[in-house]
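One structure is given below, encoded as structure tokens.
The values are calculated or read from the model by the stated rules, or taken from the named source; none is laboratory data. Bear in mind the structure is a predicted one, so any value in this text is a computation, not a measurement. Glycine gets a Cβ as well: all are built from the backbone with ideal geometry, and neighbour counts include every protein chain shown.
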Amino acid sequence: MPIARQSRIWPSGGVHLWPSGGSGSTDSHPRGHLVYAARGVLSVHTERGTSIVPANRVAWTPAGFTHQHRAHGDTDMRIVFLPPALARLAPDRPAVFTASGLAREVLLALTGPRRYARAAEARLHRVLVDELQEADELALRLPEPRDDRLRAVARILYDDPADNAALAALGRTAGASARTLSRLFHDELGMTFYEWRTQLRIFHALVLLADGHDTTRVAHACGWANPSGFIAAFTRLVGTTPGRYRATT
């Protein structure tokens with residue numbers, strides 16, 4: 001049964017329970033904040049692109065960055081605001097990190113029903129930042145195209161991630177040669193077309209898995225002819241297999 005939308009916010013953090021497809025308004029905050037999906041999957045959209053935050057990741061958004069959150073699958077979103085002295089130890093740009101077991105427990109403690117004294121809360125914040133400084137930063141981020149020709153290609157693949165058309169064929173629709181598009185992907189997005197398309201497909205797969213679809217169906221919906229290729233690509237980018245991931249969402 002879908003969860004009902006509800007929110008609890010306090011000065012140092014909060015909890016949003018969102019049904020699948022729920023989203024927040026476009027916003028920015030005077031303090032940097034971390035978001036974690038205790039259940040479901042989050043996407044975080046900023047001017048730098050869209051990051052996907054499954055249950056083994058935590059996302060950081062610095063103070064002043066305009067952002068929007070969206071839920072994929074019924075989602076339990078936790079928010080922790082960091083004081084400026086600790087926020088200075090985090091990156092000055094949006095980032096996604098591996099969430100260690102300890103980091104997850106601290107995030108859940110800070111956003112649970114218990115309210116901590118200021119000194120205890122400060123210690124937990126420090127532990128959390130220490131954990132993030134030791135964590136791997138993972139590129140589960142899909143850069144947003146700016147060039148109109150790249151946007152045209154992106155729209156085709158957003159609508160149908162399983163589209164296996166070669167870049168030359170997509171370029172005929174977008175009004176650019178494969179060579180021009182390859183250069184734009186490299187110069188503007190920092191990756192090849194095939195790397196970008198794989199990232200897009202994995203993002204789509206995370207959403208489908210969170211909605212309860214099985215691995216084989218997700219593989220075909222995202223453009224893989226057989227599940228083994230999908231499992232290998234998913235594991236390389238997400239750090240766990242689709243089956244194990246699905247069991248945690």
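Return a yes/no flag: does the range 216-231 have any residue that is over 25 Å from Arg57 (Cα atoms) and touching a Gly at 6+ places or on another chain (Cβ under 7 Å).
There is no residue in the range 216-231 that is over 25 Å from Arg57 (Cα atoms) and touching a Gly at 6+ places or on another chain (Cβ under 7 Å).
Quick check on my filter: what residues within the range 162-180 are crowded, with 19+ Cβ neighbours inside 10 Å and within 24 Å of Ile52 (Cβ to Cβ)?
Leu167, Leu170
Exactly one condition in (1) without any contact (Cβ under 8 Å) to a residue 60 or more places away in the chain; (2) among the charged types (D, E, K, R); (3) in a helix (DSSP H, G or I) is false for Glu121; which is it?
For Glu121, the failing item is (1).
Looking only at the range 77-94, decide whether some residue is surrounded by 15 or more Cβ atoms within 10 Å (Cβ to Cβ), in a strand (DSSP E or B) and modelled with pLDDT under 90.
no
Could you check, for the range 3-16, whether at least one of its residues is out of contact with any Gly (no Cβ under 8 Å at 6 or more places or on another chain), closer than 23 Å to Gln199 by Cα and not assigned by TED's automatic domain parsing to the domain that holds Ile202?
no
So, restricting to helices (runs of 4 or more DSSP H) that lie completely within the range 134-249, which ones have at least 3 residues that are within 17 Å of the chain's Cα centre (by Cα) and either polar (S, T, N, Q) or closer than 22 Å to Asp74 by Cα (or both)?
Here the list reads 193-210, 227-238, 242-248.
Answer yes if at least one residue in the range 189-212 is more than 24 Å from Gly49 (Cβ to Cβ) and either at pLDDT below 95 or assigned by TED's automatic domain parsing to the domain that holds Trp18 (or both), and no otherwise.
Yes, the range 189-212 has at least one match.
Just for the range 95-114: of the residues that are under 26 Å from Arg5 (Cα atoms) and free of Cβ contacts under 8 Å to residues at least 24 places away in the same chain, which one is surrounded by the fewest Cβ atoms within 10 Å (Cβ to Cβ)?
Pro113
Spot the failing condition for Tyr158; the list is (1) farther than 20 Å from Val207 by Cβ; (2) among the aromatic types (Phe, Trp, Tyr); (3) surrounded by fewer than 15 Cβ atoms within 10 Å (Cβ to Cβ), and only one is missed.
That leaves (1) as the condition not met.
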